[in-house]
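The numbers here are math on the coordinates, done by the rules we state, and not lab data. Since the model is a prediction, treat every value here as computed from it, not as a measurement. Every residue, glycine as well, gets a Cβ built from its backbone with ideal geometry; the counts of neighbours run over all protein chains shown.
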Amino acid sequence: MDLSYEMYSSSELLDAQAHVWNTAYNFISSMSLKCAIELGIPDIIHNNGQPLLFSKLIESLPIHPSKAHCIRRLMRLLVHSGFFAIQQQQDQEEEEEEQYSLTLPSKLLVKEGSLNMAPLLLTNLDPVFTTSWHFLSTWFQKKDSTVFETTHKRTMWDFAALDTSFNSKLNELMASDSKLIAKILLREYKEVFEGVKSLVDVAGGTGTMAKAIACTFPLMNCTVFDLPHVVADLKASENLNFIGGNMFEAIPPANAILLKWILHDWNDEDCVTILKNVKKQFPRKMKVDKKSTETQLYFDVLMMAETSGKERNQTEWEKLFLAAGFSDYKVTPLFGLRSLIEVYP
């Protein structure tokens, strides 16, 4: 059957073409930001203490002199993307020169910042991850559980256990996210931890979230529980310790169990297994805008490609909690695209 475009106006055809173009070139935005981080641009502007002239930026960058004019083009895109702000500055000779300053998103990419999210971006754009996306269509034709497995012949977790460099990057990624979430959680919803005597952070990585909680609540005994190779070299403190193990086999007992950004990594069957192990430790007794939806869809496909998990709506979460034997739950939208979920035995 022939496909005719005669029914569409020139404007509609050009809009459709632009939509294809923008989708095809979306990767340029993230790769350009990766380049800026690797060159140290957010740090250079931050360390200047005030908006930085383009000429001063060039002087500070580790680039070949022939590439100086290209930095202006890179910055033009990143200004458009909202990562930097620009204004014109007149010098004594009345010549205008660009002046760059940080925006809030780029402030989250400064290395010395307490909420530095650069590891999250750099790790997700590492070739180990990005190569997998070239095999997405191949994965759909195979029985492999993830695209990562199709690409690297093992799961992401097994790959991390064998590759210390990748494991370190993965831990840094999770830690960078935990710093921001811990700050918001302990600022806005601190009362959820009041009266809790002991807490286990399941798959808590290097302990960034648990450390923040332990520091805020010095009388609470906090435990980070993760795979042995993740916690092997981590040092305990007065009210924080580390235990190696497998959450699919058993979870250490505590008054409260924390699962941060964990269950979306796993399929429904695995989630029920994890939640049942959580349940054993206890005795019996939102409107979303288009941009947010797009981000959630990105994460869902990301989980599909790299793990065996998915993002879930409230109905799907309820099904898992009930299947694991919990009696009730509470969802509090608190972290932008994410929520704090409390489940009760």
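Of note:
- The chain - mean residue ellipticity at 222 nm from DSSP helices (-39,500 (n - 2.57) per run, n ≥ 4, rounded to 500): -14000 deg cm²/dmol
- Convex hull projection area averaged over all views, segment 10-107, Cα basis, nm²: 8.4
- Viscosity 1.567 mPa s, 4 °C: Kirkwood-radius Stokes-Einstein D of segment 38-172 over Cα pairs, µm²/s: 73
- Packing rank of 233-243, 115-125, 2-12, where each peptide gets the mean count of other beta carbons within 10 Å, highest leading: 115-125, 233-243, 2-12
- For the chain, pairs of C-alpha atoms spaced more than 26 angstrom apart make up 60 percent of the total.
- Signed unit charges on C-beta, dipole axis of the chain, positive-most listed residue L297, A203, I257: I257
- The distance from the alpha carbon centre of segment 257-274 to that of segment 160-214 is 16 Å, rounded to a whole number.
- When the alpha carbon gyration tensor of segment 181-255 is reduced to an equivalent ellipsoid, the three semi-axes, largest first, read 21, 13, 12 Å.
- Cα-centre dipole for the chain with unit charges at Cβ (Lys and Arg positive, Asp and Glu negative), debye to 20: 1280
- Aspartates and glutamates whose Cα lies under 20 Å from that of K330, excluding same-chain neighbours fewer than 8 positions away: E188, E191, E194, D201, D268, E311, E316, E318, E342
- Selection from S30, N241, Q99 lying farthest towards where the dipole of the chain points positive, charges on Cβ: N241
- Net charge of the neighbourhood of T206, taken over other residues with C-beta under 10 Å away and scored Lys/Arg +1, Asp/Glu -1, is -2.
- The Cβ shell under 12 Å around F83 holds other residues with a net charge of +3, Lys and Arg each +1, Asp and Glu each -1.
- Partners of K67 within straight-line reach, counting aspartates and glutamates whose Cα lies under 15 Å from its Cα and excluding those fewer than 8 residues away in the same chain: E59.
- Taking every C-alpha pair closer than 8 Å and separated by at least 6 residues, the mean separation divided by the residue count of segment 178-242 gives a relative contact order of 31 percent.
- Lysines whose Cα lies under 26 Å from that of K153, excluding same-chain neighbours fewer than 8 positions away: K142, K143, K169, K310
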